């Protein structure tokens, strides 16, 4: 008998741990994105929920257009529009209870506004004003995260603490398809699954990580398939179907709250506008591709369904539109007012107790400001 034959005949008994592996089948996502609108399942959708989703979608679209206009007027330093992705944003906010936490990325301003944050405060960071612009603990919304995927381990940590305390809190963390290429994504999902943390990961797959298409980021069948490698369920959903998004996220949040552990949800959507106002999207995608997604606009899909069910008429559309315009007008007025800034705020909220170096720097700046004020006063006299 050859060495290879001997090796082939050798069948060692697997260690006990090998004999108790999780069946991957229940963790795998559906082969196609889950949909509600335009299917038989739509008839079961709550009319009140559909009206709420529609109002928030229209408001969110108007918010996007107004914020984009503010960048052109120099009132915002940058704005990453989520036009086309409003269903993901709104559903994420509405799927949570008041006690839960939302961990957004930089593109998720609509989600934090739909959760109840003042629309102007959501733009504070993008305007270049001080700090986050809101109290995360008051609103249970983590700071809008510009570094990719760094908010995901934070969400897992909070969710793990909630599980240990048994307070029923769930964390929902949002990230783009580009963020799934970061190490933070891997670490967060791995820890979440091992700890069975009550956290939901929502990946908004809008096709591009700035200019890099998804095909150049991963060879996986879908991003939702990555879930099985960590031992959690993966859900693939039509990200432009507001009803489907709300259903899938609500189920994932409920599962997490019951102690079922984390879920990875991939929402297949599309970024209709450029990455930010500083990006030229025509350099890496064609107009025909963008136009193909216009018929799958989240507002249009919901309007069609509601009209067929007699839930939306011209009067309701006008009322919703007027409410959105009022929000935009108020936002425009407030953002056109120059903020009153105090240079001494540079030293606030850095440490609970200021270090020696910070106290020295603060004293130096205070002296310079006082000297400048005295000089200005003398010149005025």
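The set of residues in segment 118-143 being touching a residue at least 24 places away in the same chain (Cβ under 8 Å), part of a loop (DSSP other than H, G, I, E, B) and closer than 14 Å to residue 339 by Cβ consists of 120, 128, 129, 130, 131. Among the residues making up segment 183-215, those that are in contact with a strand residue (DSSP E or B) (Cβ under 8 Å, 6 or more places away or on another chain) and part of a strand (DSSP E or B) are 199, 200, 201, 202, 203, 204, 205, 209.
When the test is whether a residue is at pLDDT below 95, crowded, with 16+ Cβ neighbours inside 10 Å and within 30 Å of residue 343 (Cα to Cα), residue 146 does not pass it.
For segment 332-347, a tally of residues being touching a residue at least 40 places away in the same chain (Cβ under 8 Å) and not in a helix (DSSP H, G or I) returns 3. Residues in segment 40-96 that are on the phi > 0 side of the Ramachandran plot and crowded, with 18+ Cβ neighbours inside 10 Å: 84 only.
Based on this model, can you work out whether residue 324 counts as in the same structural domain as residue 51 (by TED's automatic domain parsing), closer than 24 Å to residue 69 by Cα and under 23 Å from the mean Cα position of the chain (by Cα)?
Working: in the same structural domain as residue 51 (by TED's automatic domain parsing): yes; closer than 24 Å to residue 69 by Cα: yes; under 23 Å from the mean Cα position of the chain (by Cα): yes.
Taking the combined requirement at face value, the residue satisfies it.
In segment 42-80, the qualifying residues are those that are touching a helix residue (DSSP H, G or I) at 6+ places or on another chain (Cβ under 8 Å) and modelled with pLDDT under 95, and the one that is farthest from residue 337 (Cα to Cα) is 78. Within segment 304-321, restricting attention to residues that are in contact with a helix residue (DSSP H, G or I) (Cβ under 7 Å, 6 or more places away or on another chain) and not in a loop (DSSP other than H, G, I, E, B), the residue that is nearest to residue 65 (Cα to Cα) is 321.
The values are calculated or read from the model by the stated rules, or taken from the named source; none is laboratory data. This one's a predicted model, so the numbers in the text were calculated from it and none came from an experiment. Because the Cβ atoms are built from the backbone with ideal geometry, glycine has one as well, and the counts that use them run over all protein chains shown.
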